[in-house]
Structures are given as C-alpha cells and as structure tokens.
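To keep things clear, I will list the structure first and then write my remarks on it.
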Amino acid sequence: MIKKLKFAFSIILLSPLLVGAQEIISLYSGDIPNAKKTVGTITSESFESGMCRNVSNPTLEVFLPEKEKATGTAVVICPGGGYSVIVYQGEGVSTAKEFAKNGVAAFVLKYRLPDDSRMNDKSIAPLQDAQQAIKLVRENVAKWGLDAHRIGIMGFSAGGHLASTEATHYQKSLIENLNNTSLRPDFQILVYPVISMQDKLTHSGSRSQLLGDNPSKGIVDLFSNELQVNEDTPPAYITHTADDNVVDVDNSIGYFEALRHHKVPVEMHIYPKGGHGFVFGRRGWMDPLFQWLVDAKLIADR
C-alpha cells in the first residue's frame, strides 16, 4: 500500500497538468539569429499587467491537453500589441488554456519585438521567431503526441499580422533549417488582424514599429499579406468586428477576398459591435472557431 501511495505521489509530482505548471522553452538553443552584439546598456525585458515589453529572448510556453482529450492538433499563438508590447496573458495564455481544455495543444509565442538597437533587420525578427516556433513544434511531435500535419498558427491584432506573414512567407526560410523542416502552418486563425501595410488600411503604429517611419513601396508591398496569398496559402479562420476603430475590418475582408480568389478554404465571422479586443468582452467567441476546426477535420466533433 505504501509503495502504491509513493508511486501515485510521484506521478502527481511529474504531471505539470495536475499542478498547473507549464513548460517554457527557449526558441533557439544557440545564438539568436539577426541579433546585434549589443554594447552598452539597453532597456531590459519586463513583464507587468500581463504584458511583455522589450522582448529580445523569444520563448514558447507549452499548454498540453489531458491525454484522454488530446486530438493531435496544435496551434502556435501570437498575441498582439502593436509590435510594441505583447498582450501575453489576455490573448496568449487565456486562449491557450481554452484550446488545451478542448484537446488542442497550444504554444504561446513570446516573439521579439522589432527594435533597431537589438536587431540587424527588425522587420524580419518576429517572422524568424514564428518560423522557428513552427519548426520547433513540428520537429517535436513525438515528444508532445502531435500530428505533424495539423500544426497551425494564430494571431491577434499585430500578432495577426505576424501569423498571416508566417502563413504567406513560409517558402523562404529566414532561420537555420538543416533538416528542411516544413515551415508552412497547416492552418491559420486570425483575430482582428492587421493584414495590410498599405497607407489607407494599415494600423500605423504596427507598421512604423515593424518597418520604420519611411518604408519603401517594395517593403510595404512585401509585408502587405493580402498581396502575398497564393493557392498554397493555408486554410484560414478570421474573426473581427465591424466597428473596430483601431484595426479596420477591411484588413480581414481584403484578406478573405484574396484567399477566396485563390481558392483557399476560408471562413470569416464579423460581429457588428465589440470594437478592437472584442474577445475580452464576448463569452463563447471561440465556439464557432472550434466548430470550424471540426468542419476542417482538424479535431473530432466534441
């Protein structure tokens, strides 16, 4: 009996799900690509009010479902914040927990925020981290009990720009990829996303943070993801509100149209009201998302 109790106790100690602990993984095992060898004092990373600032050391936080509920599907989550902060708890952790409750493994990406003092080319640093996140998850499917062909990416606001950039720029590897691991997400989920960098449509703060104050037309077009869609772009689920006065809903509509015209499966839900960040005030906003995952045969019917 004592042996049985000791065995049960050891299982409890080894189970992060039972004690609520989560694994946090450094995104890179060696040098961080595109990082400057900084000299002198720079502002250090901080975390307060559920938000990360001055991120220069990217990580993934792992949220795994209980084995009985696990579907094998996984999603990398890119919280928003205008490329100046990361709304880590509200859009990242809370969403990840909901996915895990419903059998989907979730990985919250704390990506580098564009910063000329820390990066040789700040415009590609977040994308490098998104590519590395997909690569890392896909190369560890056996460890986490995942299906290598059901690994998606999700983003909110500026994180939606990052997610859609990874979904449309995966062909060119910006990271070391010796095994030629596919960097293509199998699906994309975009929540009030910034999509375009064009003058009349973009969120100006996100654009200036990522591309600088006077980007060339070529760079603006390259990071306007509605212009980068092709027939191999991953299937998408998009949600937004019509009254969003921070990120114009036409970002989502334009991306939907580009996907539709290239015959990429896409579903979009536009709520009449709720404003930017509507997920904080609308209970059940993920219900149609889970139904989409069922319809797309990414998870079984719940």
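Does Glu98 meet the test of being without any contact (Cβ under 8 Å) to a residue 12 or more places away in the chain and either over 14 Å from the mean Cα position of the chain (by Cα) or part of a strand (DSSP E or B) (or both)?
So Glu98 does not fit the description; no.
Looking at (1) farther than 17 Å from Cys52 by Cα; (2) surrounded by fewer than 24 Cβ atoms within 10 Å (Cβ to Cβ); (3) not acidic (Asp, Glu), which is the only condition Pro114 fails?
(1)
Do you know which of the residues in segment 61-70 that are part of a loop (DSSP other than H, G, I, E, B) and hydrophobic (A, V, I, L, M, F, W, C) is surrounded by the fewest Cβ atoms within 10 Å (Cβ to Cβ)?
Among those residues, the one meeting the criterion is Ala70.
Which ones in segment 254-270 are out of contact with any helix residue (DSSP H, G or I) (no Cβ under 6 Å at 6 or more places or on another chain) and surrounded by fewer than 17 Cβ atoms within 10 Å (Cβ to Cβ)?
Glu257, Arg260, His261, His262, Lys263, Pro265, Ile270 - these are the residues of segment 254-270 that are out of contact with any helix residue (DSSP H, G or I) (no Cβ under 6 Å at 6 or more places or on another chain) and surrounded by fewer than 17 Cβ atoms within 10 Å (Cβ to Cβ).
For a quick check of your reading: which helices (runs of 4 or more DSSP H) sit entirely within segment 198-302 and have at least 1 residues that are under 20 Å from the mean Cα position of the chain (by Cα), over 30 Å from Asp115 (Cβ atoms) and aliphatic (A, V, I, L, M)?
Of the helices (runs of 4 or more DSSP H) lying wholly inside segment 198-302, those with at least 1 residues that are under 20 Å from the mean Cα position of the chain (by Cα), over 30 Å from Asp115 (Cβ atoms) and aliphatic (A, V, I, L, M) span 250-261, 287-295.
Report, by residue number, each residue of segment 146-175 that is of a type in the set (A, V, I, L, M), outside any loop (DSSP other than H, G, I, E, B) and either more than 17 Å from the chain's Cα centre (by Cα) or more than 19 Å from Thr59 (Cα to Cα) (or both).
The answer is Ala167, and nothing else.
Conditions (1) in contact with a Gly (Cβ under 6 Å, 6 or more places away or on another chain); (2) modelled with pLDDT of 95 or more, marked per residue:
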residue: Thr43; (1), (2): no, no
residue: Asn54; (1), (2): no, no
residue: Gly72; (1), (2): no, yes
residue: Gln89; (1), (2): yes, yes
residue: Ala96; (1), (2): no, yes
residue: Lys101; (1), (2): no, yes
residue: Val104; (1), (2): no, yes
residue: Leu113; (1), (2): no, yes
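Could we say that Asp121 is under 23 Å from Leu222 (Cα atoms), in contact (Cβ under 8 Å) with a residue 12 or more places away in the chain, buried (at least 23 other Cβ atoms within 10 Å of the Cβ) and of a type in the set (Asp, Glu) here?
Considered against the rule, which asks whether it is under 23 Å from Leu222 (Cα atoms), in contact (Cβ under 8 Å) with a residue 12 or more places away in the chain, buried (at least 23 other Cβ atoms within 10 Å of the Cβ) and of a type in the set (Asp, Glu), Asp121 comes out as no.
Search segment 280-295 for residues being buried (at least 18 other Cβ atoms within 10 Å of the Cβ) and not aromatic (Phe, Trp, Tyr), and hand back the single one that is nearest to Phe187 (Cα to Cα).
Applying the filter and picking the extreme gives Leu293.
Quickly run through segment 146-167 and pick out the residues that are surrounded by fewer than 20 Cβ atoms within 10 Å (Cβ to Cβ) and in contact with a helix residue (DSSP H, G or I) (Cβ under 8 Å, 6 or more places away or on another chain).
Asp147, Ala148
Could you go through segment 136-145 and let me know if any residue there is assigned to a helix (DSSP H, G or I), of a type in the set (Lys, Arg) and surrounded by fewer than 17 Cβ atoms within 10 Å (Cβ to Cβ).
yes
Among (1) of a type outside the set (Asp, Glu); (2) surrounded by 14 or more Cβ atoms within 10 Å (Cβ to Cβ); (3) closer than 25 Å to Gly212 by Cα, where does Thr73 come up short?
It is condition (3) that Thr73 fails.
Step by step: first the residues of segment 13-41, then only those that are in contact with a helix residue (DSSP H, G or I) (Cβ under 9 Å, 6 or more places away or on another chain) and at pLDDT below 55, then the one that is farthest from Lys122 (Cα to Cα). Which residue is that?
It comes out as Leu13.
Touching an Asp or Glu at 6+ places or on another chain (Cβ under 7 Å) and not in a strand (DSSP E or B): does that describe Ile195?
Spelling it out, Ile195 is indeed touching an Asp or Glu at 6+ places or on another chain (Cβ under 7 Å) and not in a strand (DSSP E or B).
Does Ser182 satisfy the criteria of being at pLDDT 95 or above, crowded, with 21+ Cβ neighbours inside 10 Å and within 18 Å of the chain's Cα centre (by Cα)?
No; evaluated as a whole, the condition is false for this residue.
The values are calculated or read from the model by the stated rules, or taken from the named source; none is laboratory data. All figures in this text were calculated on a predicted structure; none of them were measured in a lab. A quick note on method: Cβ atoms are made from the backbone with ideal geometry, for glycine too, and the neighbour counts reach across all protein chains shown.
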